[in-house]
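These notes concern the structure reproduced below.
The values are calculated or read from the model by the stated rules, or taken from the named source; none is laboratory data. Just so it is clear, the model here is predicted, and its values are computed rather than measured. Reconstructed Cβ throughout: ideal geometry from the backbone, glycine too, with neighbour counts over all protein chains shown.
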Amino acid sequence: MNKIRTFAFAATLGFTAYCTSACAQDVTLPTPTKNETAGSLTKALNDRHSTRQFTDRQLTDQTLSDLLWAADGVNRPDGKRTAPSAMNRQDVTIYVGKDDGTFRYDAAANKLIKIGSSDLRIAAADRNKFIKTAPIVLVIASNNKLTGGNKAISGLNVGAVMQNVYLFCAANGLSTVCCYAGDAPAEMQKFLGIKEDMVPLVYMPVGY
Ligand SMILES: Cc1cc2nc3c(=O)[nH]c(=O)nc-3n(C[C@H](O)[C@H](O)[C@H](O)COP(=O)(O)O)c2cc1C
């Protein structure tokens with residue numbers, strides 16, 4: 001009995017230590033700039049294009065915060081988002097790969113939650129090698145459970161976020177391209193530690 005108690009105590013201590021160190025690496029993002037973003041929508045539409053080459057220039061945390069808010073941030077007090085989703089299912093999750101690890105964007109908290117230290121850019125570069133040359137990559141996934149398994153709805157909802165990313169990049173001198181994640185998501189799901197309901201649909205490297 002004493003042995004069981006000692007083991008339980010040690011396990012609790014270990015888990016607390018793990019949580020403390022993992023949470024310490026989460027990133028509280030700066031408040032998104034929103035209305036200070038320069039440029040009109042029609043100019044951004046005129047400038048929107050795909051780019052597959054990136055310089056070494058890094059995004060600041062402010063630019064990353066603005067980008068993620070534009071992509072699928074919370075834009076109303078009731079928690080609704082910059083991107084529409086069918087029946088407001090909010091099935092889309094954005095994962096962010098940077099040189100210091102892999103994160104999940106928590107839109108409500110305006111935070112990047114660290115989920116690992118491996119390089120998501122390399123994991124996403126299988127079909128499109130240029131992805132690993134970008135300072136960051138966004139993996140945009142849809143939770144099929146929330147869309148009732150309707151793949152078209154998942155694709156449409158992810159597509160709305162994808163176009164938000166393109167337009168933010170066009171308006172802010174950033175480069176990006178939408179890359180199809182492919183028909184075999186298992187490896188990426190394993191990398192991200194997500195269940196098979198959560199399906200990564202597109203990868204978007206972003207840089208300058
Ligand atoms: C759903 C979708 C998937 C795409 N997948 C890839 C891809 O895997 N690799 C790539 O280099 N470009 C990909 N693209 C980018 C298209 O090739 C690009 O949008 C198209 O050539 C038109 O160029 P533009 O975006 O500059 O107008 C994809 C675009 C979309 C919308």
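Things worth noting here:
- Scanning the stretch 151-180 for residues that are polar (S, T, N, Q) and in contact (Cβ under 8 Å) with a residue 40 or more places away in the chain gives 154, 157, 164, 172, 175, 176.
- Some residue of the stretch 181-192 being assigned to a loop (DSSP other than H, G, I, E, B), in contact with an Asp or Glu (Cβ under 6 Å, 6 or more places away or on another chain) and free of Cβ contacts under 8 Å to residues at least 60 places away in the same chain: no
- Single unsatisfied condition, residue 19 versus (1) modelled with pLDDT under 95; (2) exposed (fewer than 10 other Cβ atoms within 10 Å of the Cβ): (2)
- Per-region count, the stretch 155-178, residues within 14 Å of the ligand (Cβ to nearest atom) and closer than 26 Å to residue 87 by Cα: 14
- If you go through the stretch 182-207 and keep only what is within 11 Å of the ligand (Cβ to nearest atom) and farther than 24 Å from residue 58 by Cβ, you end up with 182, 201.
- Qualifying positions in the stretch 127-154 - within 14 Å of the ligand (Cβ to nearest atom) and either more than 15 Å from residue 93 (Cβ to Cβ) or of a type in the set (Asp, Glu) (or both): 127, 128, 129, 130, 131, 132, 133, 134, 151, 152
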